[in-house]
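What follows is a single structure, written as structure tokens, with notes after it.
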Amino acid sequence: MSIAEVFLPLQQRARARWQALVDSPLPRILAGESTCGRAAGGTSVIETIREELKRLGIEAQIIGVGCIGLCYAEPMVDIIKPGRPRISYGFMDPEKVRGVLEDYLVRDNPRPDLALGSFDGGVEGIPRFWDLPMLKPQVRIVLKNCGHIDPTDIDHYLANDGYQGLVRALQMKPEEVVAEVKKSGLRGRGGAGFPTFQKWEFCRANPPPRYLVCNFDEGDPGAFMNRSLVEGDPHALLEGLLIGGYTIGCARGFIYARAEYPLALERLGLALKQAREYGLLGENILGSGFSFDIEIREGAGAFVCGEETALMASIEGKRGMPRPRPPFPAVKGLWGRPTNINNVETYATLPHILRNGGEWYAQFGSEKSKGTKTFCLVGKVVRTGLVEVPLGTKLREVVYSVGGGLMEGKEFKAAQTGGPSGGCLPASTLDLPIDYESLAAAGSIMGSGGLIVMDDDTCPVDMTRYFLAFTQRESCGKCVPCRVGTRQMLGMLEAVTRGESVDLDYLEKMARNIHLTSLCGLGQTAPNPVLTTLRYFRSEYEAHIREKRCPALVCKALTSYYILPEKCRACLICMRDCPVQAITGGKNQIHVIDQAKCTKCGTCLEVCPLRFGAVTRLSGVPVPTPPPPEKLVLHRAK
């Protein structure tokens, strides 16, 4: 039997099950079951759905799905009534979901007031789901299945063209698969953007045994692309690994995953078990003669283990520390053997390329950066979540069209791309295409896809200090430039936030030297936030040093809180909530902050009623002397 003939019964059975699900007279309820949904209260929503259906006497199919990307709207619940369009509801809680179930399933009222969108349109008062502003600019290839299939059921994946890319690859020669990947223009989605086909060719050129590794050590603050993908579509990763293993000529593969991702690890483990049961993993896969198996290795959370040589050391049971290159992993990797390493998104893209062709994939993206890229859009934007856009899309479109602009009408100040090792891009770069070359020219990196948006309340000096503190703590300490240099840079940044004198030219020179001389990618990219903020926000550094002023009113050492006597209404709220009892006053007595006791936590500003606006922040100016005691009595109008 041919490979296609062996695969056909699996596919037919899966499609029959899927069609039975679609044709069922029972309503289907799709509930967000990823980490973002659970964190927003999705578990209690699902429990309420079960209770309410029982109360109403309605039988329905409840299917847990992965994140569809609208994390800001979680918990999300989609309802499909037989013969009716699928309607998506966001911001659900137990009370809202009870109302939606009774109104729609019993009274046939689809509740347009609570609906986000209808997938097929045609429901009065509800927009088409894919026309929503966050979704319309997107091209969903890698995220195709997320939010639509049950990630714990392999038949859902198979019924939606799953493992067809593997079947096609197994019917080709490995050289032909490499040529198809080359035509696609796929570059590594882990950060460096190295051409995937070239990496594979380097590894293939060396004698077996060879190993395949997936880097699932997603450690950037604010990044969750890979986690969401694995939670919502784990078999896409396994299929990509199988394609890579066949092409490179490997018998063993490893997924190096963060132990902090329990749900993703649970679903990966189940997917591996299912793939083995279906003969898609293990010995003589689909009768092709190709044997391949995958093992999960959990990392303890060290950021440096995202670097490929440190990652391999950790898999081998050693301390996760990088080593000099060459030799590169393609020549001497795991246990001294040729090894290929790509990240989750790179592997998960391969099934689509093999199924649809390299030329099809290359139609998306820019001239040198082909395809799409997933991003975690977080920070001060209205719509946060997981997005997938063609490479070359302008930063402005992602922030304003997809993200909905800044919250509370604030002004855009900067975007941090590439996580703590990326660069800080100002408003003048909003029309910059998001691709590898453009970001590098601007002083930043693509990274794995973190995109943190900052408004005008952000201090670039303090933000740089925060990111550098992270990379400094995560440095393994093996090389002097990173171990000592990041500590020295951090000390200088902390001094700037205190308004102390710092030679900015020397700081910039040090950052460049660390970039050039560090052993691995962590140290080489750690100075990026320093270099880009000095490049684009130098005036704010100078304001801290020369004027003892933080323009964003963020740096504590340069900021004071003061109660405006003319606005204080002696409501006692700030005095009651101050954690260090730094506020004095009483009923009918204007409150005063003791500057010697104040820890500048900002609680008083947060709790002061907006209608009063009595608490203000000051920076770069002396704190006014409080009025004398006799002037502190509040004379209320009778």
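The values are calculated or read from the model by the stated rules, or taken from the named source; none is laboratory data. This is a predicted model, so every value here is computed, not measured. Virtual Cβ from ideal backbone geometry, glycine too; neighbours counted across all protein chains shown.
Data overview
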| quantity | calculated |
| --- | --- |
| Residue that is farthest from the chain's Cα centre (by Cα) [pool: residues in the range 571-597 that are in a loop (DSSP other than H, G, I, E, B) and buried (at least 19 other Cβ atoms within 10 Å of the Cβ)] | A582 |
| Close pairs from the range 504-525: first without any contact (Cβ under 8 Å) to a residue 60 or more places away in the chain and in a helix (DSSP H, G or I), partner crowded, with 23+ Cβ neighbours inside 10 Å and among the β-branched types (V, I, T), Cβ under 6 Å, at least 6 apart | A511/V530 |
| Identity of the residue in the range 526-551, more than 26 Å from the chain's Cα centre (by Cα) and in a loop (DSSP other than H, G, I, E, B), that ends up surrounded by the fewest Cβ atoms within 10 Å (Cβ to Cβ) | E547 |
| Residue match in the range 532-541 (condition: under 18 Å from G419 (Cα atoms), of a type in the set (A, V, I, L, M) and outside the structural domain of D217 (by TED's automatic domain parsing)) | yes |
| Candidate set: the range 398-428, residues that are surrounded by fewer than 23 Cβ atoms within 10 Å (Cβ to Cβ) and among the polar types (S, T, N, Q); chosen: the one nearest to the chain's Cα centre (by Cα) | S401 |
| Selected residue (only one of S34, S88 is among the hydroxyl-bearing types (S, T, Y) and touching a Phe, Trp or Tyr at 6+ places or on another chain (Cβ under 6 Å)) | S88 |
| Qualifying residue in the range 34-51 (condition: surrounded by fewer than 23 Cβ atoms within 10 Å (Cβ to Cβ), of a type in the set (A, V, I, L, M), assigned by TED's automatic domain parsing to the domain that holds E95 and closer than 22 Å to G379 by Cβ) | yes |
| Single unsatisfied condition, A251 versus (1) of a type in the set (G, A, S); (2) farther than 26 Å from P221 by Cβ; (3) part of a strand (DSSP E or B); (4) under 29 Å from the mean Cα position of the chain (by Cα) | (4) |
| Lone qualifier among I154, I63, I87 - being surrounded by 19 or more Cβ atoms within 10 Å (Cβ to Cβ), modelled with pLDDT of 95 or more, β-branched (V, I, T) and not assigned by TED's automatic domain parsing to the domain that holds R38 | I154 |
| Test: V389 is modelled with pLDDT of 95 or more and not in a strand (DSSP E or B) | no |
